[in-house]
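The values are calculated or read from the model by the stated rules, or taken from the named source; none is laboratory data. Since the structure is predicted, the reported quantities are computational estimates derived from the model, not experimental observations. In this analysis, Cβ positions are derived from the backbone assuming ideal geometry, glycine residues included, and neighbour counts consider all displayed protein chains.
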Amino acid sequence: MPRIWLGRCLVLAAALLIGCGRARNSVEGNWEAAIVERNGPPVQVGIRLDADPKTGGLSGTFTILGDTPGPDIKKGDSFPLKGVKLEGSKLTFVAVLFAGDDNDNLHFDLELKGGRLTGTACEGRHVAKPGRAMALTFHRTH
């Protein structure tokens, strides 16, 4: 009887270790960063990334966590992500801030490195102008 119990414990421990390894290497979960726009104060933002069972890819939301300088977007607002792609360590997506107007959506180009998502965010109309890119680093919160 004790051998069966010990065997089950070893199988359970191995499964937990495998699961924990996957979670650390995955981008799924909650992430936070500060976006600093030209001459403005930093704005705390968050992204939530989840596995999408319908597509086998990722889906998520972009949320404003801090106070903002403008009246159009405020603390607590959440926006859907579209085009979420993870290729190797590269993660790209668009936060749809205003439906139907890609000029004001935020395009993210990030890389998972050292447990952080580092890269840039650009407003849609400025994607081709690197000087308009806002550098940011997301840290996992959960």
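Some notes on this structure:
- Among the residues of the stretch 33-81, those that are of a type in the set (A, V, I, L, M, F, W, C) and at pLDDT below 90 comprise 35, 36, 73.
- Residue match in the stretch 55-62 (condition: free of Cβ contacts under 8 Å to residues at least 60 places away in the same chain, surrounded by 15 or more Cβ atoms within 10 Å (Cβ to Cβ), touching a strand residue (DSSP E or B) at 6+ places or on another chain (Cβ under 6 Å) and in a loop (DSSP other than H, G, I, E, B)): no
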